[in-house]
Structure formats: C-alpha cells, structure tokens
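Asks: Structure in structure tokens, see below.
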Amino acid sequence: MAERRTGRSAHIIGWGKYVPAKVVTNDDLARSVETSDEWIVSRTGIRERRIVSSPKETTATMSIAAAKEALEIAGITPGEIDLVIVATLTPDYSIPATACLVQDALGAENAGAFDLSAGCSGFVYGLAMGAQAIASGAQNCVLVIGAETLSRIVNWHDRDTCILFGDGAGAVVLRGSDEPGGVLSTLIRSDGSGGDLLIVPAGGCRQPATLDTVAMGLHYVRMNGKEVYRFATRVMDKAARQVVADAGLTMDDIDLYIPHQANMRIIQAAARSLGLPMDKFFVNLDKYGNTSAASIPVALCEAAAAERIRPGDHVVMVGFGAGLTWAAAVVQWGVPRPPVPAWRRTLDGLRYIAAGIRSQGRRLQRRVAAWLFGSPIPPTIDDGGGDPAV
Ligand code: UT7
C-alpha cells in the first residue's frame, strides 16, 4: 500500500502520446474548401494535422495508447494508479466518462476515474487537480490524459474551423514524492462570459440533438476566431508570469515554455510580451494543428524525446481555450528513466490482455445475473476493442 501523506510533491514519472496515422495536409483541405496552403501557413503556422481514419479509433482508444506508453516509461503497473483524469471536449460518450473506459482497458482496478471539461486548457487543469490530490494525501499516483477526436465535431465545409484542428492524445503519470520538484505551481482560471465564442451549440441538455439540430449543423464546433485570438494573447503572458512567480522563480529560471499549440502568431505574441526568444518555446503545431486538450501533453512528449527538457529543467505550460478557460503550470523535470527491457513490454502486454478478459468476464457475469433474475439488460458498450496501436 503506497504511503499517503500531505504536502508531497507530484513528479512526472512517465509520459506518452498517440497520434493517428492519417495525415491531412493543407493542400488536401484546399481541395474541399476555399483556402490555400499559403493562407493557412501564414495565418496559423499549421502545415498538416492527423485525423482518425477508422470508426474504431476514438478519444478513449487514443488515450489508452498514450497511457500505456506513459505507464511503461514510469515503470509502474496499472494497479498502482489511484486516479485517472481524461481532459477532453470530445468524449466517446456523454455518459459514461471516457476516463472509465480508459481505467477499464488498462485494468487500473484501484483507480477512480473522471472526465474534465475545460477546453484546450483541460490538460493543465488536470495536472493541477492531480498534483493537488497528491499534495492533499488523498492519492499517490494519478494518470492525467489530454485527448481529442476533434475531426468528429468539425464541419469539414467550414474553412474558419476545419483548417485548425487535429486529433491525438498525450498522457503523464504523476507520483507523490518527498523529494522537492515536480509540479511547483499551477493556475486555473475561467471567464464564462466568453462561452459563446467557442461552442458546440447542440447535443447538450439545452438543445438536445434532433433531426433539426443536425440539419442546421448545430452539432459542429463554432468559433469566433478573432475574439479567441484576442483573449489568448491577453491571458498567455499574464498566466505565465503569475505561475512562475508563484513557484518562487524568475522568467530567467525557465528552460522551456510549452504553450497550447493553436496558432504560431499567438505563440509569437506571447514570446514578444514576455521578452523571450522563440527558441525558448516548443512548437509542433505545424505537424498536428490544434489538438485542444492533447496539444500540451503531445508537445511535452516530443520535447522530452528531442531532449529539449533535461533533468532539473523548469518547464512552463500554458493553455487557453473554450469556456473561456486558461491555465498554467511550472514543472521541474525529474531524472531520466532507464530504458524499458523487452520482458517488461511483454509482461505489460499480457497484463492488458488479462484486463480485457476480466472486463469481458464482468460484463458476462452481469448479463447472466440479469438473465437469471430478470432485470433489464442495458446494451453493451462496444469500446472499439482497446488499443488502436496494436
Ligand atoms: O484552442 C483555442 C481555439 N482557437 C484558437 O486559438 C483560434 C484563435 N484564432 C485564430 O487562430 C485566428 O483568428 C484564425 C486563424 C482562426 C483566423 O485568422 P485571422 O487572421 O483572424 O483571419 P480572419 O478571421 O480575420 O480572416 C481574414 C480573411 C477573411 O476574409 P476577408 O473578410 O478579409 O475578405 C476570411 O474570410 O481570411 C478569410 N479566411 C480564409 N481565407 C482562406 C478565413 N478563413 C480562411 C481560410 N482560408 N481557411
């Protein structure tokens, strides 16, 4: 049983990402809407994005793939996870939570699980919640995921939005430690008066999905790009300064900024107002577009793989988006993980197969009990069969 004490630091001990294989370039989009590679690159910096290509690929399956990678690097078993948080605005279902599908597929039998809806700031919100749960002593090990299947809520005939978004997932494992470091400070904020600036109008309880809402395209994401742009440039530098000061650091102590990957011009504006060179910012939006809650953890994984983050480095993450919401965190990176031996991968694979069998067994048990005792049987969820990566 893991030790539970208050005031412990939350260290990132594992990280993983998943992006779908299918690449959609700006030229591909220019064949279906009136746009051009030149316009998209000059206004956003985006060159291509990844989107799911099979109905079996969803926010849950991408989350599971990213989480498996993160657990492998962390060198822990799913049974050690106390809490699964999935930050997303594109859950597989309204109910149940996508986090529960992830918990089940991983066989994280000792974990609670919930989804977190904070738009593109969701992952940093999740990091804040995870770190606070660890500091409170309530949890010791938290899996925080940011994942989106935005291609399913984008109107591919609306050039204002379809050029921006992509799909993907990123995950980190947070674990409590008496060593200083890890998540040093966090900030979460909201201004709900701007809720209508980035919205999916129908499908919730205010306007349930009907034939009419679908005919009017109200199930697609709508955005006032200019206003969101203004808001982003207003909050990004302020949030970064605040969170750095709260960590007892100065801007000079920060080794790398990982901003939400929405628009290169927004990142450049933040760099200008912070008085920092662009090489202090990690940018990968040219390859993936805006993947909302997935953008920061996917960028974090790529920054770690490219050795842009080294042990002891201070990293600032800043997110902003629908809500309106914004959030920031300062993290001190831990020690590098030893390489994962092949036997460990095999063992993990067997563990996930066993988790799948256990889950099917429980479903069967419920159906048999329902048949024997005559209670109504809800239709079984087809979760797409788990990991899209295998
Ligand atoms: O994750 C958080 C969510 N969202 C964001 O961060 C988005 C923030 N906003 C933005 O990134 C930018 O506002 C956009 C990239 C969405 C738009 O850039 P902009 O410089 O604000 O362009 P605009 O909306 O002012 O449009 C300029 C022109 C317009 O034509 P007119 O009226 O000047 O003739 C648009 O109709 O560009 C036109 N336009 C396009 N042209 C070619 C709009 N979209 C496109 C397009 N291709 N895809």
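The values are calculated or read from the model by the stated rules, or taken from the named source; none is laboratory data. Since the structure is predicted, the reported quantities are computational estimates derived from the model, not experimental observations. Cβ sites come from the backbone with ideal geometry, for glycine too, and all protein chains shown count toward neighbours. Protein only, heavy atoms only, side chains kept; ligands, DNA and RNA dropped before computing areas. Shrake-Rupley method; radii C 1.70, N 1.55, O 1.52, S 1.80 Å.
Asks: Loop-only check: which trypsin sites (Lys or Arg not before Pro) in segment 21-113 are DSSP coil with at most 12 other Cβ within 10 angstrom?
Replies: R31
Asks: A further question follows. Okay, helix-only estimate at 222 nm for the chain: each DSSP H run of n ≥ 4 adds -39500 (n - 2.57), divide by all residues, round to 500 deg cm²/dmol; what do you get?
Replies: After summing the helix terms and dividing by residue count, I get -11000 deg cm²/dmol.
Asks: How large a share of the accessible area of segment 183-261, in percent, is made up of carbon and sulfur atoms when the probe is 1.4 Å and the other protein chains stay in place?
Replies: In segment 183-261, the share of accessible area belonging to carbon and sulfur is 52 percent.
Asks: Hey, another quick one. Compute the separation of the alpha-carbon centres of segment 86-165 and segment 166-215 and state it in Å as a whole number.
Replies: 7
Asks: Taking a cut-off of 19 Å between Cα atoms, list the aspartates and glutamates near K238, but don't count ones fewer than 8 places away on the same chain.
Replies: D191, E227, D246, D252, D253, D255
Asks: Taking a virtual spin label 7 Å from the Cα of R362 along the C-beta vector, which residues in segment 59-84 bring their backbone nitrogen under 16 Å of it?
Replies: 78-84, by backbone N distance to the label point.
Asks: What is the P(r) of the chain, as percent of Cα-Cα pairs per 20 Å bin from 0?
Replies: Reading the bins upward from 0: 29, 58, 13, 0.
Asks: Could you tell me the ratio Rg/Rh of segment 1-67? Both radii from Cα atoms, Rh via Kirkwood.
Replies: When Rh is taken as the Kirkwood radius, the ratio is 1.24.
Asks: What whole-number value in Å² describes the accessible area per residue of segment 109-157 for a 1.4 Å probe?
Replies: That works out to 30 Å² per residue.
Asks: Same structure again: Which whole-number percent of Cα pairs in segment 251-380 have a distance greater than 26 Å?
Replies: The proportion of pairs with Cα distances above 26 Å equals 48 percent.
Asks: Translational diffusion coefficient of segment 34-180 at 4 °C, 1.567 mPa s, Stokes-Einstein with Kirkwood Rh over Cα pairs, in µm²/s as a whole number.
Replies: The Stokes-Einstein estimate is 80 µm²/s.
Asks: Counting Lys +1, Arg +1, Asp -1, Glu -1, what net charge surrounds S185 among other residues with beta carbon under 14 Å of its beta carbon?
Replies: 0
Asks: Let me ask something else about it. L372 to D178: extension gain in nm, 0.36 nm per residue of separation minus the Cα-Cα distance?
Replies: 64.7 nm
Asks: Counting just the Cα atoms, what span does segment 1-114 cover along each of its three principal axes? Round to the nearest Å and put the largest first.
Replies: Principal-axis extents of segment 1-114 (Cα, largest first): 58, 29, 22 Å.
Asks: With N residues in segment 187-276, what two-decimal value do you get for its Cα radius of gyration over 2.2 N^0.38 Å?
Replies: Dividing the Cα Rg of segment 187-276 by 2.2 N^0.38 Å gives 1.45.
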